[in-house]
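Asks: The structure follows.
Derivation of every value follows stated rules applied to the coordinates shown; laboratory data play no part. A quick note: this is a predicted structure, and the numbers were derived from the prediction, not measured. With ideal geometry, Cβ positions are generated from the backbone for all residues, glycine too; neighbour counts draw on all protein chains shown.
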Amino acid sequence: MKENSKVLALKYRPTVFKDLIGQDVIRDTILSSIIDNKTPNAYLFTGIRGVGKTTTARIVAKALNCKNGVNKLCEKNMCENCEAISNSNHIDVLEMDAASKTGVDDVRDLIEFSRYGPSIAKYKIFIIDEVHMLSKQAFNALLKTLEEPPTYKNGGSLKFIFATTEIKKIPVTVVSRCQRFDLSRVKSIELFNFLKNVKDLEGGNISDEAIKLIVKISEGSVRDALSLLDRAIISQQNNKELDLKDAQKIFGYFDKSLLIDLFKNIFDGDEEKVLQQYRLIYDQGVEPKVFLNDFLEILYYLKNINSLKIDGTNFSLNDEQFETIKDLSAKIENSIFLLFWQFTIQTMQELDIISNQNLSIEMFLIRLIYIKGIKSNISSEKIESLDIPERLSKSFKNKEVLDQIKGQTIDQIKNIVQEDKDKLNIDKSVKNIIEIKSFDELIKTCDQKKEIKLKYELENNVNLVSFEKNRIEISFNEDLSKDFLKIISSKLFNWTGERWIITLSKKQGELTKKQIKVKNKKDMLENAKKTKTYKTIKEIFDDAELVDVKNEEIND
């Protein structure tokens, strides 16, 4: 393959230690160990994609086997070993992808191969990429060889170099036998300077702002950044400079100023402008999840803008946007930003179960408009001290927000009641309070209040264990609705004006009303079959069957 035809991620792949960016400490540590001849039996490189794990593994292999020595490591005019390692075809340096060879048999082949000394190099090296994909049996087969690798007649030995993105999936017994190096994300300024240099070498005409956007999207991954730069370069037309707006269109990102204006309109309560601005962003081809991720990012800046500097925001904001956010943040309480954060996370989870994600985002924005005023009249100290019904009755529209502040969810075993937001605005002096003294009265009240679903649940799926004032202990069957506890707690509070504790018990409890009805009917049928009338009918009509009995008392 010609050098110019390679993708940038391969063309500018580091070949020596000094070319590595963002991993200075790791580079110096490995170099020192090789120079002092204190190399470990196994290296373990871990980190996110594209930060140089496999690249570092190859450079280590070259440093161990270079004919010129580690201090004069080949760069351009490579020795036989360095060139073969760079091309991944060295006879003594075996690269294996654990994603495709996961079994114990593959590892046994490696161990068998390790018995023979290196042919032309000093060290025999096994580079295993995505090592976390190996099976448990394969890892166990490696343990002995990792701890005591074979040594060879030429003075060299066997070295393992592992690379992984998921260190937690590797057994501790394997990790403890390796020298572990955690490769960090490359810092924004380093990656920016690197991309700018590559852009100049490739003759690309791309603005600094567009490169900063690439740095932001790549999230510290050099390979991702080079792939995006490659895409930007080939998107140029007539050598026209690729500016930020063009880059946003190419990569599906939008101008943060639009999002900041959107926040302004949310806080102003202008529903029409909020929807117009969101639709403008959506029409640019921005995916709902990308929009929400950027929405969270601006929320973070609004909350923490006073502790940030422009150069510390990962190239996300320019000077004007920074000052605008700072002014906006000063006018809004921090608690509002935390509430918005909670609702945004919740909406991101909802997107996976909704077919039309765009409509869900619009409803999410409208929802934010109507909750933005929370806590305007209630201090945080008072919210902590208020009882649940009193707190929620301050504003039924904001009940769900207050629930999220306190983190109160229904405990299915020890249920501390949460009241329904649509029914809590109660004035006890006006409404009639109902007194409910028994389980039967509760079912009767459900019938009077036309709560048919709740009545059905009580009669068919609930076994009463005990009924006391403001406390009901029950067991239930598998058909009970998941919302039952929330619904009955809310209704009891509305009807009686008092909080009720609904406890789920391990005791069997009484039969359900439906079971009692079925049992009574069965008993009536059995009693009816013992009467002379039934026996006389059976003598005349021998195929007759008694299906139902209308009268509760059966007399001969």
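Asks: Can you order the peptides 533-542, 491-500 by their average number of other Cβ atoms within 10 Å per residue, highest first?
Replies: Details: 533-542: 10.8, 491-500: 18.4.
Descending packing order for the listed peptides: 491-500, 533-542.
Asks: Hey, can you rank 155-166, 290-301 by average C-beta count inside 10 Å, highest first? Let's see the in-between values first.
Replies: Details: 155-166: 20.2, 290-301: 17.8.
Taking the mean over residues of other Cβ atoms within 10 Å, the ranking is 155-166, 290-301.
Asks: I need two numbers for the stretch 188-251: Rg to one decimal and Dmax as a whole number, Cα atoms only, in Å.
Replies: That works out to 10.3, 31 Å for Rg and Dmax.
Asks: What number, in nm² with one decimal, is the all-direction average of the projected area of the convex hull of the alpha-carbon atoms of the stretch 256-371?
Replies: So the Cα hull casts an average projection of 6.9 nm².
Asks: Counting only C-alpha contacts under 8 Å and six or more residues apart, can you give the relative contact order of the stretch 256-371 as a whole percent?
Replies: 37
Asks: What translational D, rounded to a whole number of µm²/s, comes out for the stretch 64-128 from Stokes-Einstein when the hydrodynamic radius is the Kirkwood one over Cα pairs, at 4 °C and 1.567 mPa s?
Replies: Numbers: Rh = 13.0 Å.
The Stokes-Einstein estimate is 100 µm²/s.
Asks: Quickly rank 55-64, 272-281 as a protection proxy: mean count of other C-beta atoms within 10 Å, highest first.
Replies: Working: 55-64: 24.0, 272-281: 16.1.
Highest-to-lowest ranking by the protection proxy: 55-64, 272-281.
Asks: If Rh is defined by the Kirkwood formula over all Cα pairs and Rg also comes from Cα, what ratio Rg/Rh do you get for the stretch 3-182? Can you show the working numbers first?
Replies: Values: Rg = 15.6 Å, Rh = 16.6 Å.
Ratio of gyration radius to Kirkwood radius for the stretch 3-182: 0.94.
Asks: Compute the separation of the alpha-carbon centres of the stretch 168-243 and the stretch 465-493 and state it in Å as a whole number.
Replies: 57
Asks: My understanding is that a pair violates if its Cα-Cα distance is over 19 Å; which of Lys101/Lys169; Lys449/Lys550; Lys216/Lys331; Lys450/Lys491 do that in this structure?
Replies: Numbers: Lys101/Lys169 16 Å; Lys449/Lys550 29 Å; Lys216/Lys331 28 Å; Lys450/Lys491 12 Å.
The answer is Lys449/Lys550; Lys216/Lys331.
Asks: What is the local net charge at Lys168, summed over the other residues whose Cβ is closer than 13 Å to its Cβ (Lys, Arg +1; Asp, Glu -1)? Could the numbers behind the result be given before it?
Replies: Working: positive: Lys169, Arg180; negative: Glu166, Asp182.
Residues close to Lys168 contribute a combined charge of 0.
Asks: Suppose every K and R has +1 on its Cβ and every D and E has -1 on its Cβ; what is the size of the dipole of the stretch 256-371 about the Cα centre, in Debye to the nearest 20?
Replies: Values: 10 positive and 18 negative charges, 48 e Å.
Dipole size: approximately 220 debye.
Asks: Something else: From the residues Gln276, Asn356, Asn304, which one has its Cα farthest along the dipole of the stretch 256-371 in the positive direction, the dipole being from +1 and -1 charges on Cβ of Lys/Arg and Asp/Glu about the Cα centre?
Replies: About the Cα centre, the residue reaching furthest to the positive side is Asn304.
Asks: Among DSSP beta bridges lying fully in the stretch 3-182, give the percent that are antiparallel, nearest 5. Intermediate results must be reported in sequence, preceding the final value.
Replies: Numbers: 1 of 21 bridges.
Percentage antiparallel, nearest 5: 5.
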